[in-house]
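Let me begin by presenting the structure, written as structure tokens, before commenting on it.
The values are calculated or read from the model by the stated rules, or taken from the named source; none is laboratory data. Note that the structure is a prediction, hence the values are computed from the model and not measured. A quick note on method: Cβ atoms are made from the backbone with ideal geometry, for glycine too, and the neighbour counts reach across all protein chains shown. Side chains included, ligands, DNA and RNA excluded: accessible areas come from the protein's heavy atoms. Shrake-Rupley method; radii C 1.70, N 1.55, O 1.52, S 1.80 Å.
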Amino acid sequence: MKKKVTLIHGDITNFPVDALVNSANKSLLGGGGLDYIIHKKAGPLMKAECVRLNQEKGGCSTGQAEVTTAGDLPAKYLIHAVGPRWLGGESKEPQLLCDAYSNALMRANEIGAKTVSFPNISTGVYRFPQQLAAEIAIGTICSILPQHDQIAEVFFVCRDAENYLIYKEILSMLDDPKIQIKISSVE
């Protein structure tokens, strides 16, 4: 069966999926941008799990991912993926971003998620170049998605028009017989 990759323009926190990926910081205790919004909307149960992970494991390393409840969000689970800060590209940032996407997808498969939504990890307050980040995100997910038997569909959810257009251009050129691409229209 073909896996599906769907591009959406909208707010990832309103999108019902089994697993919603959060662009988190290392502490898992909330930060800026999307991480702040997710912590605010998910509520105290999710926050308590993040505090526990911070105390037990010291948070989450860059390139890794941890799972919590989604709390009050319309998802079953939150996968907190820690992407790298952009430091000019000489500090393994591309590999660390690839790792964040692949580890988040692996964690989603481990918890039995059929549907997973991804934001544009590291492109906000961490300043990762949007074009390169999109190429890494799409390349990583599309190359390893067929290996994850639990996952049927991955959604790339872009909040801003600029990232949406970059993802749309890359996905429109993708021709993989194992993956069905769907590009939603702009809201």
### Query
For all pairs of alpha-carbon atoms in region 27-71, what percent lies in each bin of width 5 Å, listed from the first bin to the last filled one?
5, 25, 33, 28, 9, 0
### Query
Considering only DSSP beta bridges whose two residues both sit in region 1-87, what percent are antiparallel, to the nearest 5?
40 percent
### Summary
Within the chain, the percent of DSSP beta bridges that are antiparallel, given to the nearest 5, stands at 15 percent
### Task
Can you figure out the FRET efficiency of Val125 with Gln55, using R₀ = 22 Å and their beta-carbon distance, to the nearest 0.05?
0.35
## Note on the structure
Cα pairs beyond 22 Å in region 1-112, in percent, come to 30 percent
### Query
Rounded to two decimals, what ratio of Rg to Rh does region 126-187 give with C-alpha atoms and a Kirkwood Rh?
0.96
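Once neighbouring chains are kept in place and the probe is 1.4 Å, which whole percent of the accessible area of the chain is contributed by carbon and sulfur? Please list the in-between numbers first.
Values: 4560 of 8670 Å².
Of the solvent-accessible surface of the chain, carbon and sulfur hold 53 percent.
For Glu135 and Ser184, FRET efficiency with R0 = 30 Å and r from the beta-carbon atoms, rounded to 0.05? Kindly include the intermediate steps, with their values, before the conclusion.
Values: r = 20 Å, r/R0 = 0.68.
Plugging the Cβ-Cβ distance into 1/(1 + (r/R0)^6) gives 0.90.
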### Task
Report, in deg cm²/dmol and to the nearest 500, the calculated mean residue ellipticity at 222 nm for the chain, where each DSSP H run with n ≥ 4 adds -39500 (n - 2.57) and the sum is divided by the residue count.
-12000 deg cm²/dmol
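Excluding ligands, DNA and RNA, what is the solvent-accessible area per residue of region 19-123 at a probe of 1.4 Å, expressed in Å²? All intermediate terms of the calculation are to be shown ahead of the outcome.
Numbers: 4370 Å² over 105 residues.
So region 19-123 comes to 42 Å² accessible per residue, rounded to a whole number.
I'd like to compare 55-66, 90-101: which one has the highest average count of other Cβ atoms within 10 Å, and what's the full order after that? Walk me through the intermediate numbers first.
Details: 55-66: 16.8, 90-101: 19.1.
Highest to lowest by the protection proxy: 90-101, 55-66.
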### Task
Evaluate the Debye formula for the chain with equal point scatterers sitting on the alpha carbons, no solvent, and hand back log10 of I(q)/I(0) at q = 0.11, 0.12, 0.13, 0.16 Å⁻¹, in q order, two decimals.
-0.42, -0.50, -0.59, -0.92
